[in-house]
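Below: the structure, in structure tokens.
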Amino acid sequence: MFKRWGYNKEKENKHVARNDMNAKWDFNQEQADQLGSIQFSENHKIWSQLKMIQLTEKDLGMLHMAQPFLLPWLDEISEAFYESVLQVGSLKEMINQHSSVEKLQITLRKHIEEMFDGFINEAYVEKRMRIASIHYRIGLEPKWYMGAFQKVQAVVFERLMMHAANPQLAIEVVHSFNKVLNLEQQLVLEFFEKKRQEAEKEHLRQKDELHLQISKLSEQLASLSVRTNDAIQEMVSYGIELNNSTQQTANSSIATQRNAEEGKMFMDQLNHSIQQIDIDMQQVEQHMSALKMTTEHIASIAQSIIGIADHTHLLSLNASIEAAHAGERGAGFSVVTKEVNKLAVSTKQTVNNIENLIVNSSEVTKAVVEVISAVQNNAGQVRINAELTMEKFSNIVSEISESASQLNVISNNIQSLSDAIQSISESTEQVASSAEQLNRISSL
């Protein structure tokens, strides 16, 4: 015995003889015209579809009269339907992702029951459209939708024929059910076709918009390529000029380095000369010191000579006195005494002159020593300045050498940059060519 989950006693009417699911069903179809109802306005577009499939109010009435007999089998029909559907892996995955088999079985049961309600109206159509929209949104392909309709048709046909008391009546009910099923297929396919057309229009719109954007972009790209190429050419020219200027600066740096090295060499020579002057002045100072000592020694001798001369003058005076006392006998001695006195006076005067010269020589020597000391001090300061200047020259030479090396590096980098810019220029020309090709392709 089948479970009677779907049977509703409130649905039973005078056309049902008994509610046993194994009982044969039958009814009088003369009342079908009065029980069926198509509730649309006269100018509704659906009438052409109904006319095409020959779906009439009698068909709906016959389904309404057969509904009570089908209700006890709806749960079994739903279970049989989803047992078949779950054998398709993609459909099973889709069901588990968006819903559950239990919910869908209840929905299918209600859906089949409504197909046997005996009327169709705007609400009926809108509900079918909503169901189609849900299936479209979750990605159910039309082939599975059509397959589902076929499965529903098969299981309903099987149950109706299995328990029909009048096979001819059962066939007519199945035909009516097929018409309703066909209408639902039309509604679903119409919705899918509408969505396809909308998608196609949107695709064409996006395609046209893309073509327009590509066209604008290609024009902008071509214009940008021209401007970029002009700017690159200007950069190449500037790079060449900069490279030439850098090379000239490098050459000037080399010349400056050479001059600085020569200046350093001259400063080395000057420092050596100053050192030699300092050595010579030290020797002169030594000689002047020796000369001072000699002069002092001579002055000492001169003092001794003056003493001797004074003593000789005194002796000559005494001798003159003695010669005067001797009379004529001392006359010759007196002459000698006078001469000795003259010699003593002359010697003293000469010695005094020598002493004056020695004093002058001492003063000159002292002045020369002071000058030599000043010269030594100045020479020392000049030597210090020369050493500092030579150090500066060394720093200048090192800095110029480093600058020359950096200029060479800069020159090489500028050359590499110029080569890269030239490569960019070639790439820009290729971009411009590609933009023209893109523009031609977008206009097709």
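Since every read-out is calculated from the coordinates, none of them should be taken as a lab result. Please read these numbers as outputs of a predicted model, since none were measured by experiment. Glycine gets a Cβ as well: all are built from the backbone with ideal geometry, and neighbour counts include every protein chain shown.
Residues H272, H325, arranged from fewest to most other Cβ atoms within 10 angstrom of their Cβ, appear as H325, H272.
Highest-first packing order for the peptide set 182-195, 280-293 is 182-195, 280-293, based on the mean count of other beta carbon atoms within 10 Å. Given +1 at the Cβ of Lys and Arg, -1 at the Cβ of Asp and Glu and no other charges, the dipole of the chain around its Cα centre is 1740 debye to the nearest 20. Taking region 257-425 as the region of interest, the number of lysine pairs whose Cα atoms are within less than 25 Å, with members eight or more places apart or on different chains, is 4.
For K216, a cut-off of 20 angstrom between C-alpha atoms picks up these aspartates and glutamates, skipping any fewer than 8 places away in its own chain: D208, E429, E436. For the chain, the longest principal axis of the Cα atoms and the long axis of helix 101-115 meet at an angle of about 40 degrees. Projecting the Cα atoms of L291, A255, Q213 onto the charge dipole of the chain (Cβ charges, centred on the Cα centre) puts Q213 farthest toward the positive pole. With 32 Å as the limit, the listed pairs K24/K92; K58/K201; K103/K143; K24/K194 have K24/K92; K58/K201; K24/K194 beyond it between alpha carbons. Measure nothing but the geometry: give the 0 to 90° angle between the long axis through the Cα atoms of 57-70 and the longest principal axis through the Cα atoms of the chain, rounded to 10°. Result, in degrees: 90. The aspartates and glutamates within cross-link reach of K151, meaning a Cα-to-Cα straight distance under 12 Å and a gap of 8 or more places when in the same chain, are E79, E83. For W25, the residues 5 or more places off, or on other chains, whose built amide H falls under 5 Å of its own are A164, A165.
Within the chain, all pairs of alpha-carbon atoms sorted by distance into 10 Å bins from zero give the percentages 4, 11, 11, 8, 5, 5, 5, 5, 5, 5, 5, 4, 4, 4, 4, 3, 3, 3, 2, 2, 1, 0, 0. Packing, as the average of other Cβ atoms within 10 Å across residues, places the peptides 93-102, 24-33 in the order 24-33, 93-102, highest first.
Taking the longest Cα principal axis of the chain as reference, the axis of helix 142-162 is set at about 30 degrees. Is the shape of region 156-211 best called rounded, prolate or oblate, per the rule: a/c under 1.5 gives rounded, else a/b larger than b/c gives prolate, else oblate, with a ≥ b ≥ c the square roots of the Cα gyration tensor eigenvalues? Note, shape of region 156-211 comes out prolate.
Sorted ascending by nearby beta carbons within 10 Å, beginning with the fewest, S253, S362 become S362, S253. Mind running the shape call on region 257-425? Use the C-alpha gyration tensor, a ≥ b ≥ c as the square roots of the eigenvalues: rounded below 1.5 for a/c, prolate if a/b tops b/c, oblate otherwise. Taking the square roots of the gyration eigenvalues as a ≥ b ≥ c, region 257-425 is prolate.
Amide H contacts of T56 (H built 1.01 Å from N, in plane; Pro and chain starts excluded): no residue 5 or more places away or on another chain comes under 5 Å. Please label the shape of region 26-165 as rounded, prolate or oblate, based on the square roots a ≥ b ≥ c of the eigenvalues of the alpha-carbon gyration tensor (a/c under 1.5 means rounded; beyond that, a/b larger than b/c means prolate, else oblate). Because a/c hits 1.5 or more and a/b fails to exceed b/c, region 26-165 counts as oblate.
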